[in-house]
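Have a look at the structure below, then the notes.
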Amino acid sequence: MLKTLLPAALLGTLLAAAPSASHAAFGQINNFGASANSVVAGTVVDFFVDFGVSTNAVTNGGSNPEPEPAEGYQSWQVNWYNYENETLTSVWLEAGGQTYNAYPSVPAGGSYSGTWTFSILFPTEGTFDIALSGGWSHSIETYHSNESAYRDCINNDPGGTNELSC
């Protein structure tokens, strides 16, 4: 699954991926800056990016006791178990023709952060917009288990002891 960090203007916009409905990974650009905002033509400007991505890990489950017998059909969930593990597989950033790629080993429910630095030569006079974009990809493993039970109980003696046969 691929998530995208939306473009930011130089020096400051927070970036976050919009997680899909069932997954909670979150990524953002914490800081994006430059060594200078105005330079003479032919000057190199150094840029830095501070970023982070966190993944999701959810585990839950439970059980229900057997209900008291009652006349008719009964069903219930005896035990259930679910997990969803999101593992970060890559992070990428792009700005001013430069590219950053990382392939971190981050377990489900973990986070990854880093800093990327790069330089750009501005050989001619002009006004330049340096936009930063990026994103991450991840894999998701899910498991669902459910144990159900059922019975049908009949009243053997409707006029007397209310004895049930299940």
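Against the list (1) more than 23 Å from ILE29 (Cβ to Cβ); (2) within 27 Å of the chain's Cα centre (by Cα); (3) surrounded by 11 or more Cβ atoms within 10 Å (Cβ to Cβ), the condition ASP152 fails is (2).
Number of residues in the range 40-49 that are touching a residue at least 40 places away in the same chain (Cβ under 8 Å) and either exposed (fewer than 15 other Cβ atoms within 10 Å of the Cβ) or out of contact with any strand residue (DSSP E or B) (no Cβ under 7 Å at 6 or more places or on another chain) (or both) equals 6. Which residues, taken from the range 115-131, are surrounded by fewer than 16 Cβ atoms within 10 Å (Cβ to Cβ) and closer than 12 Å to PHE51 by Cα? THR115, THR117, listed by residue number. Restricted to the range 1-75, the set of strands (runs of 3 or more DSSP E) holding at least 3 residues that are modelled with pLDDT of 85 or more and of a type outside the set (Val, Ile, Thr) comprises 26-34, 43-54, 57-63. Which of the residues spanning the range 51-63 are surrounded by 13 or more Cβ atoms within 10 Å (Cβ to Cβ), more than 14 Å from GLY135 (Cβ to Cβ) and either of a type in the set (Val, Ile, Thr) or over 19 Å from the mean Cα position of the chain (by Cα) (or both)? Result: VAL58, single match.
Only one of the listed residues (TYR112, TYR143, TYR81) is touching a residue at least 12 places away in the same chain (Cβ under 8 Å), surrounded by fewer than 11 Cβ atoms within 10 Å (Cβ to Cβ), among the hydroxyl-bearing types (Ser, Thr, Tyr) and not in a loop (DSSP other than H, G, I, E, B). That residue is TYR143.
Please go through the range 96-109 and pick out each residue that is farther than 13 Å from PHE26 by Cα and either in a loop (DSSP other than H, G, I, E, B) or touching a Cys at 6+ places or on another chain (Cβ under 9 Å) (or both). Selection gives GLY96, GLY97, TYR103, PRO104, SER105, PRO107.
The values are calculated or read from the model by the stated rules, or taken from the named source; none is laboratory data. Computed from a predicted structure; not experimentally measured. Every residue, glycine as well, gets a Cβ built from its backbone with ideal geometry; the counts of neighbours run over all protein chains shown.
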